[in-house]
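The values are calculated or read from the model by the stated rules, or taken from the named source; none is laboratory data. If you're wondering where the values come from, they're calculated on a predicted model, not measured in any experiment. A quick note on method: Cβ atoms are made from the backbone with ideal geometry, for glycine too, and the neighbour counts reach across all protein chains shown. In case anyone asks, the SASA skips ligands and DNA or RNA and just uses the protein heavy atoms, side chains included. Shrake-Rupley method; radii C 1.70, N 1.55, O 1.52, S 1.80 Å.
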Amino acid sequence: SGFPASLKNGLSKLGIPNEILNVLFSWVVGNQDYPKIPEAKGALNAIRNEPFFIPLYELYLTYGGIFRLTFGPKSFLIVSDPSIAKHILKDNSKFYSKGILAEILDFVMGKGLIPADGEIWRVRRRAIVPALHQKYVAAMVNLFGQASDRLCQKLDAAASDGEDVEMESLFSRLTLDIIGRAVFNYEFDSLTNDTGIVEAVYTVLREAEDRSVAPIPTWEIPIWKDISPRQKKVNAALKLVNETLDSLIDICKRLVEQEDLQFHEEYMNDEDPSILHFLLASGDDVSSKQLRDDLMTMLIAGHETSAAVLTWTFYILSQEPGAMAKLQNEVDSVIGDRYPTIEDMKKLKYTTRVINESLRLYPQPPVLIRRSLEKDVLGKYPIRSGEDIFISVWSLHRSPHLWDEAEKFNPERWPLDGPNPNETNQNFCYLPFGGGPRKCVGDMFATFETVVAVAMLVRRFDFQIAVGAPPVKMTTGATIHTTEGLKMTVTRRTKPLIVPTLEMPALNTSGSMG
Ligand code: HEM
């Protein structure tokens, strides 16, 4: 079916109406002996002006756990069924690639771990996962505390001045500062200043997000792609970020050469605990380009996702005073007046459930993308190779068939003393970090990061939607953003606790606030 499909695609691009093409090509696609996937037709108009996962959810309620959606020459399978999701992500994951996602992200991530498939992915995954060992994560908890503390100082100043704050952009800066240190030991310091490199990172990120929702790939148009001012800006930003990463790799290589290191499973350099340092110290035999692609991938993967989780968690909390009070109580009693430590992560049970539940209601990203590499059977339906598939995590997470009061924020839907919810113990109804071999490598990192940030912030401040703030609505790039920011009024809960100095204490796991 590859040739007819591309022929049809080509004819459609020439402007031949799809209805005619469908009739012409129906004979090639085959007869109707097997059950045919329900087809959602004419539902496209709904897609304007709304984040696309909302109409997908409506269509799921009408057409069920798998249906086909056709846009002109393109057709997608939309999956919102936990057992089909499990089949694609886990049981038969070898039959699926990242498809469109890899195409869209190629300009920035190259063959990095998120878009890569096959042998490259296998080798890189095996190299990178060990870098996120227990001791590393413990050191990171300390880093999360320090970075969150800098955000607290900013909020403290705003509270003094009686100024409202736009939390979404602050969270984006917080998580950028964290991921820079965590992945390649670089201090973006974006909470404090706007350097060229910070702006370049945002330009690249915005481009990646715009491309993932753009109806027409203008960046592929010959000549235009070289002369459009926008593409020029993107190319310049990409060049700056790439050069910065290359020089960080060089610096780190020299450090590792000078180091008298004994590499072992939990190897970590205390001055530079970054993933990059681990990879180089491990003797990871890889080209600089591949290493750069992986660093860029982790920078992007670990930045906007965590920021979005924090944004939506604070939005939810502003609507749920009861949950906020409970959260503040727990935080007061567990961490009191100090930085959280890795041991505290087990004790901040309600805080963890708040994050788990925030990720259920606002999954980041709201859909997972795959392409079939072989013929397969999904549920009772045979599919061709080359099918583009969206697994709608949003629909799974909000399905009235899978959850009690699915729309309700209820952190205690999972008992506080029970295991943390994950895709396995929730039978693929809950996929905040994906599942199967391509599951997020940063799941624990990200959970602790958001738990620490929430704990530090709610311990010191109360948060309310600012008077006169624009309504908080959703829009999508790769993650769910607000349309006009999350403007909040921040008030101190008590008189300032010990005000820590601006200097960064050395990274350690003692967790004392100095
Ligand atoms: C993959 C979510 C933070 C690194 C994924 C996937 C999801 C996800 C859903 C699976 C994508 C797919 O199957 O197509 C999240 C969320 C985060 C987060 C919600 C924050 C709350 C991070 C962080 C890092 C990271 C902090 C890095 C330290 C990665 C990588 C992959 C990935 C490298 C690709 C893994 C592979 O394909 O083998 N993430 N992530 N993520 N994530 Fe995360």
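The table below gives the values:
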| item | result |
| --- | --- |
| Rounded to 10°, Cα long-axis angle of helix 321-334 versus longest principal axis of the chain | 50 degrees |
| Label-point gap, in nm, between D332 and S385 - each point 7 angstrom along Cα→Cβ | 6.3 nm |
| Over 29 Å (Cα to Cα) - which of K98/K289; K86/K347; K94/K253; K111/K233; K232/K375; K346/K408 fall in this group | K86/K347; K94/K253; K232/K375 |
| Residue-wise HN-Hα coupling along region 289-295, computed from phi with Karplus coefficients 6.51, -1.76, 1.60 (Hz; x: Gly, Pro) | 5, 4, 4, 4, 4, 5, 5 |
| Ellipticity estimate at 222 nm from DSSP helix runs (n ≥ 4, -39,500 (n - 2.57)) divided over the chain, nearest 500 | -15500 deg cm²/dmol |
| Probe 1.4 Å, all protein chains present, accessible-area order of K41, K347, largest first | K41, K347 |
| Three-way shape call for region 55-187 based on the alpha-carbon gyration tensor, with the a/c threshold at 1.5 | oblate |
| Simple label model, 7 Å out from Cα along Cβ direction - L416 to K74, nm | 4.6 nm |
| Backbone HN-Hα couplings from phi across region 69-84 [Karplus 6.51/-1.76/1.60, Hz, Gly and Pro as x] | 10, 10, 10, x, x, 9, 9, 10, 9, 10, 10, 9, 10, x, 6, 5 |
| Gyration tensor (alpha-carbon) shape descriptor, the chain, a/c threshold 1.5 | prolate |
| Within-15-Å neighbourhood charge of Y60 [Cβ basis; K, R +1; D, E -1] | -3 |
| Highest average packing first - 355-363, 163-171, Cβ atoms within 10 Å | 355-363, 163-171 |
| Counted charge near E259, where neighbours are those whose Cβ lies closer than 14 Å (Asp, Glu -1; Lys, Arg +1) | -3 |
| Of S148, L56, P471, farthest towards positive along the dipole that unit charges on Lys, Arg, Asp, Glu beta carbons give the chain | L56 |
| Pairwise FRET efficiency - E163 versus S212, Cβ, R0 = 35 Å, nearest 0.05 | 0.55 |
| Label-to-label distance, nm, for residues given as D106 and T483 (7 Å Cα→Cβ offset) | 3.5 nm |
| Region 136-206-region 238-267 distance, computed between alpha-carbon centres (Å) | 23 Å |
| Candidate lysines for bridging to K41, where Cα separation is under 23 Å - those fewer than 8 sequence places away on the same chain excluded | K8, K13, K74, K380 |
| Normalised contact order of region 344-417, rounded percent, pairs of Cα under 8 Å and 6 or more residues apart | 36 percent |
| Folded to 0 to 90 degrees: helix 134-161 orientation relative to the chain principal axis, Cα | 80 degrees |
| Sequence-distant residues sharing a close amide H with V367 (under 5 Å, placed H) | V393 |
| Sites D117 and T62 - FRET efficiency at Förster radius 25 Å, r taken between beta-carbons, to 0.05 | 0.15 |
| Relative contact order of the chain, defined on C-alpha pairs under 8 angstrom at six or more residues apart (%) | 24 percent |
| Region 62-146 - accessible surface per residue (Å², probe 1.4 Å) | 38 Å² |
| Gyration tensor verdict on region 232-348 (Cα atoms; rounded if a/c is under 1.5, prolate if a/b is larger than b/c, oblate otherwise) | oblate |
| Amide N proximity, region 77-98 versus E374 label position 7 Å along Cα-to-Cβ, cut-off under 11 Å | 92-96 |
| C-alpha long axis of helix 229-258 to longest principal axis of the chain, angle in ° | 50 degrees |
| Full-stretch length increase - I221, T494 - with 0.36 nm per residue and alpha-carbon distance subtracted | 92.5 nm |
| Solvent-accessible surface (1.4 angstrom probe) belonging to D226, in square angstrom, nearest 10 | 90 Å² |
| Cα-centre dipole for the chain with unit charges at Cβ (Lys and Arg positive, Asp and Glu negative), debye to 20 | 1520 debye |
| Modelled FRET efficiency - R0 25 Å, A406 with M474, Cβ distances, 0.05 increments | 0.90 |
| For region 286-407, with +1 on Lys and Arg beta carbons and -1 on Asp and Glu, the positive-most of A301, Q328, S288 along the dipole | S288 |
| Gain upon complete extension [Q464, F25; 0.36 nm per residue less C-alpha separation] | 152.4 nm |
| Portion, in percent, of the accessible area of the chain that falls on carbon or sulfur, probe 1.4 Å | 55 percent |
| Average projected area [Cα convex hull, region 367-437], square nanometres | 5.8 nm² |
